[in-house]
Amino acid sequence: MSDSKTFPKLLEPLDLGFTTLKNRVLMGSMHTGLEEEKGGFEKMAEFYAERARGGVALMVTGGISPNFRGRLAPHSSQLSFGWQVKKHKIVTDAVHKAGGKIAMQILHAGRYAYHPFSVSASKLKAPITPFTPKELSDRAVRKTIKQYAKCAKLAKQAGYDGVEIMGSEGYLINQFIVTRTNKRNDEWGGSYQNRIKFPLEIIKAVKQAVGDDFIIIYRLSMLDLVEGGSSWQEVVELAKAVEKAGATIINTGIGWHEARVPTIATSVPRGAFTWVTKKLRNEVSVPLVTSNRINMPEVAENILADDSADMVSMARPLLADADFVVKAEQGKSDQINTCIACNQACLDHVFKNQRATCLVNPRACYETELVPTPLLQKKKIAVVGSGPAGMAFSIEASKRGHEVHLFDKAAQVGGQLNIAKQIPGKEEFYEAIRYFSGQLQLSQVNVHLNTEATVEILSQGFDEVVLATGVTPRTPDIKGIDSDKVLNYIDVLWHKKPVGEKVAVIGAGGIGFDVSEYLVHQGESPTLNLDEWLKEWGIDDLYQLPGGLLGQTEVSPPARQVTMLQRKESKMGKGLGKTTGWIHRMSLKHKNVRMVTGVQYKEINEQGLVVEYTQSGKQELIEADNVIICAGQLPLRAMQMELQEKGVSVHLIGGADVAAELDAKRAIRQGTELAFTI
């Protein structure tokens, strides 16, 4: 049953002349790490085929380099030789068999390459790698253009339906386009016409190599978000020239990797940059794709209905749910496993040279490995705790055919996700709870809320007991810790106990940052108010300045005066996500949060918290109406021993197993793995 009435624009075909895309969904390019793994192409084939079966019109692979120097890392993928075609055919055959189309992204890292052989328009080191690039000679520039064309020709031989030329995000082509990185005085530098000659010659060479019946997507940096970036007039000029040079589709690129503005993190409002794509609509006639933080069909439909773009690009939302498009077609968008834009299992993994996956969908990129074993014996299983681990286990175990009973003392499912959703910038956790609670119903799990699962209940009639009881806040040994002014994060976020004007937060892990974020905000979160968010990060939505940056930020005053403290002398927030930690730090700096490292906690008294600096031995009184403890957790697993003594088979998952921060990624994966084998 197709319900294209619900999302008419999203599900409308797009005629490209020589071929037609079945709907307006492009799966944006995303490196998975499978590209370099042994047997990775077979795994990648199933990864993309599953998304093709899920209804995606056109997918774009992770970046593949056209030559050795353009590789992102020493062992990253490149396509330069005929013998490499065979591997790619494994992927394209699988996608075509599943009814989809796939384009290969050609990406030359330029000065972003993480190896000593990097090259760029000029000899200028990027702030995000330790290597200084060599300046490309005129001869090397021309050779690189030919290598792009050869790479595209090989991609066509490998069965790809098209290529995407990566011209944004601060990679090599982008480095030629802007004065920030192009200091040349030959025909590839100087005037804007000279600086854009490089991408235009690449498009022409690629077009000549692949012919007319092949999709050429050009990823255009429409908003650089760095000093010395392109002006709006320049973006328009390049877009028109790109169309004339032979591109089939222009895709939107937002921000350089070195930009100090978040572009895809969960605190970025949905569709926050679609206004840029819309601005270009009247300037070109090729289809335009808009991108960034589009994670539900309703959001995509509104963007297309508003005439902001011809297609929407989604990468992470299709990691989270391979059946996104099919569910939209069937009018089941409430059953979509929504991307919460956390980056924890996708980008954070890739930047650490690990395989990408997804916090809410651990099967992503593990489609051939994380599979349920056939059920040999149906069991009656009790699960205690309906946090991420308990819910993930219950759903998958029930789908396999077990009779599952899920117990929780609380009145609602979700566990600590109910705390996360209240943090300004983490509203997407509401979607995770919506999805998992819906799946509990659909998979017919017997849910017992407001029910304490005692040893007595659990030791009668259950074949297995799974303890997903989570964690309890750890109370450090500090003089005066039992004072009325001391609260823990559960008191603040769950029990809503009143908090004074001046606050000291002990502990600077993820929870310390979340609590601080919660305390400095009052009223609506900027994530839910695009105008306020753009001002907070200094983005010029009138686009009157090069790079789209205002040069100053406009932040509403903090609701409280907060001091965050940690014992370690290392940088505060060092353990936060690799791609999001800097955002959390900057967000709190915007709100004048004081960050203090390298202290011992001496005492809590009437005035506040007394600390001693480890290096100097000096003491300081930090005045505080309340001291909030975010100093780690302890696992809740008291029942384990008693149950085992009664001969009950017990499994620990999530925080009950390891209390390492609030780790939903590990909890959901652990719950899923156990459910597939129990």
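The values are calculated or read from the model by the stated rules, or taken from the named source; none is laboratory data. Here the structure is a predicted model, which means the values were calculated and not measured. Cβ placement follows ideal geometry from the backbone for every residue including glycine, while neighbour counts extend to all protein chains displayed.
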Residues that are assigned by TED's automatic domain parsing to the domain that holds Glu427, at least 3 per element: which helices (runs of 4 or more DSSP H) completely within segment 443-557 meet that?
455-458
Restricting segment 116-137 to residues that are surrounded by fewer than 18 Cβ atoms within 10 Å (Cβ to Cβ) and aliphatic (A, V, I, L, M), the one modelled with the highest pLDDT turns out to be Leu124
Considering each of Thr252, Thr263 in turn, give the residue that is surrounded by 19 or more Cβ atoms within 10 Å (Cβ to Cβ) and free of Cβ contacts under 8 Å to residues at least 60 places away in the same chain.
Thr263
Can you spot a residue in segment 146-163 that is of a type outside the set (Phe, Trp, Tyr), within 32 Å of the chain's Cα centre (by Cα) and closer than 25 Å to Leu280 by Cα?
yes
Output the strands (runs of 3 or more DSSP E) that fall wholly within segment 570-678 and possess 3 or more residues being farther than 29 Å from Glu396 by Cβ, or say none.
594-596, 599-604, 608-613, 619-623, 626-629
Matching residues, segment 569-584, being surrounded by fewer than 18 Cβ atoms within 10 Å (Cβ to Cβ) and either touching an Asp or Glu at 6+ places or on another chain (Cβ under 8 Å) or free of Cβ contacts under 8 Å to residues at least 40 places away in the same chain (or both)
Ser570, Lys571, Lys574, Gly575, Lys578
Can you confirm whether segment 138-154 contains a residue that is outside any helix (DSSP H, G or I) and crowded, with 19+ Cβ neighbours inside 10 Å?
no
List pairs: first in segment 95-115 and surrounded by fewer than 21 Cβ atoms within 10 Å (Cβ to Cβ), second of a type in the set (A, V, I, L, M, F, W, C) and in a helix (DSSP H, G or I), Cβ under 6 Å, 6+ apart or cross-chain?
Ala98/Ala49; Ala98/Ala52; Gly99/Ala52
Test result for Lys86, over 25 Å from Glu169 (Cβ atoms), in a helix (DSSP H, G or I), assigned by TED's automatic domain parsing to the domain that holds Asn295 and not β-branched (Val, Ile, Thr)
yes
Do we have Asp161 as surrounded by fewer than 19 Cβ atoms within 10 Å (Cβ to Cβ) and either touching a residue at least 60 places away in the same chain (Cβ under 8 Å) or not hydrophobic (A, V, I, L, M, F, W, C) (or both) here?
no
Taking segment 44-64 and keeping residues surrounded by fewer than 24 Cβ atoms within 10 Å (Cβ to Cβ) and assigned to a strand (DSSP E or B) leaves Gly62
Looking at Leu636, Leu621, Leu652, which is the one that is farther than 30 Å from Val503 by Cα and not acidic (Asp, Glu)?
Leu652
When only residues in segment 294-324 that are part of a loop (DSSP other than H, G, I, E, B) and touching a Gly at 6+ places or on another chain (Cβ under 6 Å) count, which is surrounded by the fewest Cβ atoms within 10 Å (Cβ to Cβ)?
Asp323
Number of the exception - Leu376 against (1) without any contact (Cβ under 8 Å) to a residue 24 or more places away in the chain; (2) part of a helix (DSSP H, G or I)
(2)
Take segment 388-423 and flag every residue that is within 23 Å of the chain's Cα centre (by Cα) and over 12 Å from Val466 (Cβ atoms).
Pro388, Gly414, Gly415, Gln416, Leu417, Asn418, Ile419, Ala420, Lys421, Gln422, Ile423
Whichever residue in segment 609-631 is crowded, with 17+ Cβ neighbours inside 10 Å and not aliphatic (A, V, I, L, M) and, among such residues, is farthest from Gln561 (Cα to Cα):
Cys630
It is to be established whether one or more residues within segment 203-217 are touching a residue at least 40 places away in the same chain (Cβ under 8 Å), under 23 Å from Ser230 (Cα atoms) and of a type in the set (S, T, N, Q).
no
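Does Gly190 satisfy the criteria of being farther than 30 Å from Lys86 by Cβ and touching a His at 6+ places or on another chain (Cβ under 9 Å)?
On the way: farther than 30 Å from Lys86 by Cβ: yes; touching a His at 6+ places or on another chain (Cβ under 9 Å): no.
Criteria not met by Gly190.
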Under 8 Å by Cβ, and 6 or more places apart or on different chains, what pairs join a residue from segment 127-154 that is hydrophobic (A, V, I, L, M, F, W, C) with one that is exposed (fewer than 15 other Cβ atoms within 10 Å of the Cβ) and not in a loop (DSSP other than H, G, I, E, B)?
Ala149/Gln208; Leu154/Gly82
I'd like the full set of residues that are surrounded by fewer than 22 Cβ atoms within 10 Å (Cβ to Cβ) and either assigned by TED's automatic domain parsing to the domain that holds Ala265 or among the charged types (D, E, K, R) (or both), limited to segment 388-427.
Lys399, Arg400, Glu403, Lys409, Lys421, Glu427
Cβ-Cβ under 7 Å pairs, at least 6 apart or on other chains, segment 460-479 side among the aromatic types (Phe, Trp, Tyr), far side in a strand (DSSP E or B):
Phe462/Lys380; Phe462/Ile381; Phe462/Ala382
Members of segment 410-425 that are touching a Phe, Trp or Tyr at 6+ places or on another chain (Cβ under 8 Å) and at positive phi
Gly414
Selection from segment 16-43 of residues within 22 Å of the chain's Cα centre (by Cα), among the hydrophobic types (A, V, I, L, M, F, W, C) and either in a loop (DSSP other than H, G, I, E, B) or not assigned by TED's automatic domain parsing to the domain that holds Ile217 (or both) yields Met30
